[in-house]
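For reference, the structure discussed in these notes is given below.
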């Protein structure tokens with residue numbers, strides 16, 4: 001079968017690209033290995049997603065949803081003391097100064113349903129086994145369909161939006177782990193945890209443990225449920241062969257700010273884990289193919305940048321691909337025309353990630369010395385990394401002695 005574009009994966013990145021390409025009249029075929037709705041971790045959005053959601057026609061759906069509204073991010077030190085919240089309205093117009101904490105099963109289904117409405121074809125429970133190449137150009141995929149048959153699907157462009165499976169970058173051996181971010185996460189959902197009230201009810205909370213070897217996220221979701229996970233170095237969390245539940249409970253005892261919130265909470269399902277989730281690929285595109293979302297790179301869960309970067313990469317890649325059809329140019333240069341702009345924003349977030357993990361860094365101490373840097377930090381937490389220049393922050397990091405890693409490829 002012949003299509004204009006084949007997309008591997010129906011998460012936020014794949015759904016975004018499918019929507020924006022299909023609405024231009026292109027023949028888009030998307031393969032999703034699961035049947036929706038399905039569980040995914042990574043529930044929090046950045047306010048910077050607003051414009052992409054608006055362009056996709058998703059804003060009204062989000063506003064009508066039961067997803068808690070998120071107005072801020074707040075950090076807790078290892079002593080259990082709370083820092084001042086970073087409210088998005090400090091830098092953002094009122095309309096865009098909030099975003100949402102989503103239930104990913106619902107959000108992803110909404111996104112993919114929107115793509116279908118715009119004309120994309122979706123095949124659920126179909127696993128892409130391989131990307132097909134001819135003369136070093138991607139020409140389609142081989143997929144196992146729900147009836148277990150394996151068929152080839154030809155396309156002018158193949159988009160890998162397969163998430164952390166990273167099908168194409170693994171095939172091409174162009175993916176590499178972030179050397180200083182070899183962390184893991186253990187997480188679950190809890191019902192009945194104590195939340196803050198008022199404008200802070202939907203805030204993302206980041207809580208250090210007392211030994212600062214790990215940290216917890218606390219993300220409010222619909223129906224009195226919160227997502228809670230602990231993140232730390234793999235060789236620390238999983239030392240001595242500890243089981244996931246044991247790891248979570250052990251680290252919880254070291255987190256003074258979180259323990260009271262979970263006293264009366266009920267765990268909704270057994271602990272889940274993910275390891276080695278910080279990586280990036282050397283290339284974003286080649287002849288006939290491109291990578292978007294987690295299939296290209298994943299930084300870290302600390303600032304909830306995953307969905308934001310998935311949406312932005314899907315949007316930017318779609319624009320480059322639509323231009324490729326207009327020019328009849330499917331070279332890697334054209335399909336990856338968005339790379340420099342996309343990487344600039346991703347690199348800004350990445351540097352703030354590295355700052356968080358620097359042993360000598362704390363927001364309170366840093367902002368006491370550089371109070372004017374607060375606006376740049378808020379911009380990054382909002383996702384204003386494509387509209388605003390946040391580079392003065394990194395000069396202050398250097399002066400403060402903060403390690404921000406090597407530049408992204």
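Quick rundown of the values:
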item: Of all residues making up segment 192-209, the number that are under 15 Å from residue 251 (Cβ atoms) and surrounded by fewer than 16 Cβ atoms within 10 Å (Cβ to Cβ); result: 0
item: Test result for residue 26, outside any helix (DSSP H, G or I) and touching a residue at least 24 places away in the same chain (Cβ under 8 Å); result: yes
item: Test: residue in segment 165-183 that is at pLDDT 95 or above, under 25 Å from residue 111 (Cβ atoms) and either out of contact with any helix residue (DSSP H, G or I) (no Cβ under 8 Å at 6 or more places or on another chain) or assigned to a strand (DSSP E or B) (or both); result: no
item: Tally of residues being out of contact with any strand residue (DSSP E or B) (no Cβ under 8 Å at 6 or more places or on another chain) and in contact (Cβ under 8 Å) with a residue 12 or more places away in the chain across segment 108-136; result: 6
item: Selection count, segment 59-97, where residues are at pLDDT below 95, over 26 Å from residue 360 (Cα atoms) and in contact with a strand residue (DSSP E or B) (Cβ under 7 Å, 6 or more places away or on another chain); result: 0
item: Given (1) in a loop (DSSP other than H, G, I, E, B); (2) touching a residue at least 60 places away in the same chain (Cβ under 8 Å); (3) closer than 25 Å to residue 217 by Cα; (4) over 16 Å from the mean Cα position of the chain (by Cα), index of the condition residue 330 fails; result: (3)
item: Verdict on residue 324 being in contact with a strand residue (DSSP E or B) (Cβ under 8 Å, 6 or more places away or on another chain), in a helix (DSSP H, G or I) and surrounded by fewer than 24 Cβ atoms within 10 Å (Cβ to Cβ); result: yes
item: Residue ID - surrounded by the fewest Cβ atoms within 10 Å (Cβ to Cβ), chosen from residues in segment 379-398 that are touching a strand residue (DSSP E or B) at 6+ places or on another chain (Cβ under 9 Å) and part of a helix (DSSP H, G or I); result: 381
item: Test: residue in segment 134-149 that is within 23 Å of the chain's Cα centre (by Cα), surrounded by 14 or more Cβ atoms within 10 Å (Cβ to Cβ), assigned by TED's automatic domain parsing to the domain that holds residue 325 and outside any loop (DSSP other than H, G, I, E, B); result: no
item: So residue 161, is it assigned by TED's automatic domain parsing to the domain that holds residue 30, surrounded by 22 or more Cβ atoms within 10 Å (Cβ to Cβ) and in contact (Cβ under 8 Å) with a residue 12 or more places away in the chain; result: yes
item: Which listed residue, of 247, 302, is closer than 30 Å to residue 159 by Cβ and buried (at least 18 other Cβ atoms within 10 Å of the Cβ); result: 302
item: Selection within segment 1-23 - in a strand (DSSP E or B) and more than 19 Å from the chain's Cα centre (by Cα); result: 2, 3, 4, 5, 6
item: Which numbered condition residue 269 misses (of (1) more than 23 Å from the chain's Cα centre (by Cα); (2) at pLDDT 95 or above; (3) surrounded by fewer than 14 Cβ atoms within 10 Å (Cβ to Cβ)); result: (1)
item: Unique residue being farther than 19 Å from residue 41 by Cα and in the same structural domain as residue 54 (by TED's automatic domain parsing) when the list is 300, 294, 240, 287; result: 287
item: Selection from segment 357-378 of residues that are surrounded by 17 or more Cβ atoms within 10 Å (Cβ to Cβ), in contact (Cβ under 8 Å) with a residue 40 or more places away in the chain and in a helix (DSSP H, G or I); result: 357, 363, 374, 377, 378
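The values are calculated or read from the model by the stated rules, or taken from the named source; none is laboratory data. These figures come from a predicted structure and were not determined experimentally. Counting neighbours? That spans all protein chains shown, and the Cβs are built from the backbone with ideal geometry, glycine included.
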